[in-house]
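> There's a structure below that I have some questions on.
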Amino acid sequence: MRHDRIQKSINAYLCRNVSHIYARLDIIQSISGLILAAFIIIHLLLEASIIISKDAMLMVSKFFEGYYFFGEKYPGIISFLAAAIFFILIIHALIALRKFPSNYRQYHILKQHMKQFHHSDTHLWFYQAVTGFMMFFLASVHLYIMMTQPANIGPYASADRIYTDWLWPLYLLLLISVVIHAGIGLYRLALKWGIFERNVHGNQKYVAKKSKINRQIFKKIMLIGISLYVIIGFTSLVSYLKVGYEHRDKAGERYESIEKEVQL
Ligand code: HEM
């Protein structure tokens, strides 16, 4: 009885001094990560419209410039969207920074832990940290271009940027890092918020076994998703390169102007 009372007063004391800031930061990081992952899932599919045809890609870019709503193109919409995504990316990266090893000693300890535990989820965290670091620099260049040159998006404009302006190595690295980062991120998010344990009832042993099976299934889904998106992204990058190569002597000319000529 006395022991219970002491325990209660210790708990009350600890709760009074606990800061909620870390929990809040974790929630902001999860939500911003979810928004960015959803954005990338849609973005890579829309941008793959070039695999279908140049006209399909033109339609997508016109849609985002508001052409089908206002009857006129407003590239400012793309600048606004890119700035909003940039803002979310910065918040997401700033919050993630606190978990990075801040000096060589911490990095060394992390490496040793990874070796000792030999647990695949710890390795996943490490891959996510490395791809996140790469992605922040690569995505910043891309987003800056999208913000400042929103009118320069289209079958020829994009292909010329990728082939003639040599943006393809950056896009290749960005593609690999963003797809791995988002895939692992979604898996870890499900793990963190207990998706694997949800709706699993029974004794402790059964719940542990079932959540392990769920986790393995989700890991397979993650690997399939990552592979699928790398293939889609890679195929669209090759399609842009092909269009850019064929258009290299007329780089700078817009696809829309040719479309108008044909109509006349
Ligand atoms: C609103 C913001 C964004 C817009 C308007 C946008 C638009 C585009 C466009 C038009 C392309 C085709 C190439 C070009 O024209 O340069 C492209 C390619 C790409 N974008 Fe974005 N993007 C945005 C944000 C992002 C973000 C935040 C990421 C990743 C963190 C990203 C990753 C990529 C990748 C990897 C490619 C190359 C994909 C491939 O074909 O392999 N984009 N983007």
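> Go through the stretch 172-204 and count every residue that is at pLDDT 80 or above, assigned to a helix (DSSP H, G or I) and away from the ligand (no atom under 16 Å from the Cβ). Outline the logic, then answer.
If we filter the stretch 172-204 for residues that are at pLDDT 80 or above, which is where we start, we get 172-193.
Add one more test, that the residue is assigned to a helix (DSSP H, G or I), and what stays is 172-192.
Keeping just the survivors that are away from the ligand (no atom under 16 Å from the Cβ) gives 187-192.
Count: 6.
> Scan the stretch 54-69 for residues that are open to solvent by 80 Å² or more (accessible area, probe 1.4 Å) and within 14 Å of the ligand (Cβ to nearest atom) and jot them down.
Passing the criteria: 59, 63.
> I've got another one for you. For the stretch 150-164, which residues satisfy the criterion of being in a loop (DSSP other than H, G, I, E, B) and either open to solvent by less than 30 Å² (accessible area, probe 1.4 Å) or near the ligand (Cβ under 9 Å from one of its atoms) (or both)? Write out each step before concluding.
In the first step, residues of the stretch 150-164 are kept if they are in a loop (DSSP other than H, G, I, E, B); the result is 150-154, 164.
Scanning the stretch 150-164 gives 150, 152, 153, 154.
> Among the residues of the stretch 195-207 satisfying the criterion of being out of contact with any helix residue (DSSP H, G or I) (no Cβ under 7 Å at 6 or more places or on another chain) and closer than 22 Å to residue 185 by Cα, which is surrounded by the fewest Cβ atoms within 10 Å (Cβ to Cβ)? Reasoning before the result, please.
Of the stretch 195-207, the ones out of contact with any helix residue (DSSP H, G or I) (no Cβ under 7 Å at 6 or more places or on another chain) are 195, 198-199, 201-207.
From what is left, the residues that are closer than 22 Å to residue 185 by Cα are 195, 198.
Working: 195: 15, 198: 10.
If we take residues in the stretch 195-207 being out of contact with any helix residue (DSSP H, G or I) (no Cβ under 7 Å at 6 or more places or on another chain) and closer than 22 Å to residue 185 by Cα, then 198 is surrounded by the fewest Cβ atoms within 10 Å (Cβ to Cβ).
> Please verify whether residue 226 is in a helix (DSSP H, G or I), open to solvent by 100 Å² or more (accessible area, probe 1.4 Å) and of a type in the set (A, V, I, L, M, F, W, C), treating the condition exactly as stated. Break it down stepwise before answering.
On the way: in a helix (DSSP H, G or I): yes; open to solvent by 100 Å² or more (accessible area, probe 1.4 Å): no; of a type in the set (A, V, I, L, M, F, W, C): yes.
Taking the combined requirement at face value, the residue does not satisfy it.
> Restrict the check to the stretch 116-138 and report whether at least one residue is part of a loop (DSSP other than H, G, I, E, B) and open to solvent by 70 Å² or more (accessible area, probe 1.4 Å). Walk me through how you get there before you give the answer.
If we filter the stretch 116-138 for residues that are part of a loop (DSSP other than H, G, I, E, B), which is where we start, we get 118-119.
Imposing the further condition that a residue be open to solvent by 70 Å² or more (accessible area, probe 1.4 Å) reduces the set to 118-119.
Yes, the conditions are met somewhere in the stretch 116-138.
Quick grid of which residues meet (1) within 25 Å of residue 28 (Cα to Cα); (2) in contact with a His (Cβ under 6 Å, 6 or more places away or on another chain); (3) among the β-branched types (Val, Ile, Thr):
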site: 99; (1), (2), (3): yes, no, no
site: 109; (1), (2), (3): no, no, yes
site: 120; (1), (2), (3): no, no, no
site: 124; (1), (2), (3): yes, no, no
site: 133; (1), (2), (3): yes, no, no
site: 138; (1), (2), (3): yes, no, no
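> If I go through the stretch 249-264 residue by residue, how many of them are in a helix (DSSP H, G or I) and either modelled with pLDDT under 95 or open to solvent by less than 100 Å² (accessible area, probe 1.4 Å) (or both)?
Kept after step one, since they are in a helix (DSSP H, G or I), are these residues of the stretch 249-264: 249-250, 255-263.
Now drop any that are not either modelled with pLDDT under 95 or open to solvent by less than 100 Å² (accessible area, probe 1.4 Å) (or both), which leaves 255-263.
Within the stretch 249-264, residues that are in a helix (DSSP H, G or I) and either modelled with pLDDT under 95 or open to solvent by less than 100 Å² (accessible area, probe 1.4 Å) (or both) number 9.
> Being open to solvent by 80 Å² or more (accessible area, probe 1.4 Å) and small (Gly, Ala, Ser): is that true of residue 102 here?
Details: open to solvent by 80 Å² or more (accessible area, probe 1.4 Å): yes; small (Gly, Ala, Ser): yes.
Considered against the rule, which asks whether it is open to solvent by 80 Å² or more (accessible area, probe 1.4 Å) and small (Gly, Ala, Ser), residue 102 comes out as yes.
Residue by residue, here is whether (1) within 11 Å of the ligand (Cβ to nearest atom); (2) free of Cβ contacts under 8 Å to residues at least 12 places away in the same chain holds:
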residue: 29; (1), (2): no, no
residue: 71; (1), (2): no, yes
residue: 78; (1), (2): yes, no
residue: 91; (1), (2): no, no
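> Which one is nearest to the ligand (Cβ to nearest atom), of the residues in the stretch 37-46 that are in contact (Cβ under 8 Å) with a residue 40 or more places away in the chain and open to solvent by 60 Å² or more (accessible area, probe 1.4 Å)? Break it down into steps so the answer makes sense when it comes.
Filtering the stretch 37-46 down to residues in contact (Cβ under 8 Å) with a residue 40 or more places away in the chain leaves 37, 39-41, 44-45.
Add one more test, that the residue is open to solvent by 60 Å² or more (accessible area, probe 1.4 Å), and what stays is 39, 41, 45.
Working: 39: 7, 41: 11, 45: 11 Å.
Out of the qualifying residues, it is 39.
> Among all residue pairs at least 6 apart or on different chains, which show Cβ distances below 7 Å where the first residue, located in the stretch 47-69, is without any contact (Cβ under 8 Å) to a residue 60 or more places away in the chain and the second is assigned to a loop (DSSP other than H, G, I, E, B)?
Pairs that qualify, where the first residue is without any contact (Cβ under 8 Å) to a residue 60 or more places away in the chain and the partner is assigned to a loop (DSSP other than H, G, I, E, B), are 62/73; 66/73; 66/74; 67/73.
The values are calculated or read from the model by the stated rules, or taken from the named source; none is laboratory data. Every value quoted in this text rests on a predicted model; they were computed, and no experiment measured them. A quick note on method: Cβ atoms are made from the backbone with ideal geometry, for glycine too, and the neighbour counts reach across all protein chains shown. For accessibility, only protein heavy atoms count, side chains too; no ligands or nucleic acids. Shrake-Rupley method; radii C 1.70, N 1.55, O 1.52, S 1.80 Å.
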